[in-house]
1. Please list, in chain and number order, the residues 5+ apart from Arg321 or on another chain whose amide H is under 5 Å from its amide H, with Hs placed from the backbone.
2. Asp181's amide H: which non-local residues (gap 5+, or another chain) put their own amide H closer than 5 Å, with H modeled 1.01 Å from N in plane and none for Pro or chain starts?
3. How far apart, in nm, are two points set 7 Å out from the Cα along the Cα-to-Cβ line at Ala266 and at Ile166?
4. Tell me, Thr198, Thr169, Thr152 in order of fewest to most beta-carbon neighbours within 10 Å?
5. Each residue of region 208-214 in turn: what ³J(HN,Hα) in whole Hz from Karplus with 6.51, -1.76, 1.60 and θ = phi - 60°, glycine and Pro shown as x?
6. At a threshold of 8 angstrom on Cα-Cα distance, excluding pairs fewer than six apart, so keeping six or more, what relative contact order does region 68-165 reach in percent?
7. Would you work out the relative contact order for region 151-231, in percent, from Cα pairs under 8 angstrom that are 6 or more residues apart?
8. So how do Ser138, Ser144 line up by other beta-carbon neighbours within 10 Å, fewest first?
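Values in this text are rule-based calculations from the coordinates and carry no lab data. Note that the structure is a prediction, hence the values are computed from the model and not measured. So basically every Cβ, Gly included, is an ideal-geometry build from the backbone, and we count neighbours across all protein chains shown.
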Amino acid sequence: MRGSLRKLPSGSWEIRLFLGTDDTGKKRYRSKSVKGSKRDAERTMRELIAEIEAGDVESSRSEQLLTVDELLVRWRAANINDWSPTTARDHKRAAESWISPHIGKVRINRLTVERLERFYRTLLTEGGRSGRPLSAQSVKKAHSIVRAALSTAVRWQLITTNPALIARTPRAEPHQHKVPDLDTVKATIAVADPRMATVIRLAIATGASRGGLGALKWSDIDIESRLITFQRSVVDGGPVSQVKPTKTRTTGVVSVGEATMASVEAWRAHQAAASEKAGIGLLEADGWVFPSRDWGHPITLNQITQDWRTLADAHGLEGVRFHDLRHATATHLIANGTDIRTVAGRLRHASPTMTLDVYAARTTAADQVAGDLIDRLLDLEQR
């Protein structure tokens, strides 16, 4: 480590240490003034260099005094290549709307467990920039961002401890999925436009998410064998959708019934006619099943959500999210006797346990069947 001495007009000595460059290429220094002789200043400089190289003193006062806002910017920049566009966008929005208004100007070495817990309570009662109180789940999301950023600051040796690791967050109530009635879903499909009717039908038939459906290509669909392969997913990245491999990077193949595949064939015929009318020509085998308006990209997640919301609100499915169709697939299959391992496979879950924990809420009908079965078994034993 290089250092230099300069005598100040006051008679003191300024020690200036070069600490290298940061991740933007900017040179970093540490300065300190000491009184006494030049020999005293040289001894102090040697001691300071030894302490810094031993890790006993944080290497840069400017970094030691980073604010939460400054840390979050650097943390996002360091991780941006590992995140999907959706994750990057969500983290940025949460930082700007929830975290920055309350603790953005606080120096990271001034954060305490008490200060963080007070911040979480404020989010619950006052919210962020909008002034609307946040749910406990949203507060937990803000906490997870702060915790991750502070853990990175510890790894970067900007601070020694992470108070967010032991700070308590409000208890979040689990989301109550609304399982839509299948007759109502069928009625909604009947009045939907051809594209959305096929999207909804496939969502129920396969348990696929918006991202999985949006990223389907015609080459993923084997009409003769009635098999659909899910191997990629759409992520929101602005006005144009982006596509990435599925989370587990594994391919999922799902069987569908004759009626569902017939609806897919009808949609392909409709799409071919629209393509010809638009002067685009024949559909390519590797084209998107649900293309955007420019035909060159898959449909966006927001478009699916908006179209579903309009239909659902108008046809008795208020409050039912598009993702609840996936939940309905699991719940109705299990309630009607499909074994959990098969359901887990259709949903592309890593294990049946995840399917039971997340999706397969106990239904009243299935529970009644179980109760009746026990009664019959007891009656048989008593005879």
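1. Here Lys178 satisfy the definition.
2. Residues meeting the amide H criterion: none.
3. 6.3
4. Thr152, Thr169, Thr198
5. Each residue's phi maps through the Karplus curve to give 6, 7, 4, x, x, 5, x Hz.
6. For region 68-165, the relative contact order is 30 percent.
7. 11
8. Ser144, Ser138
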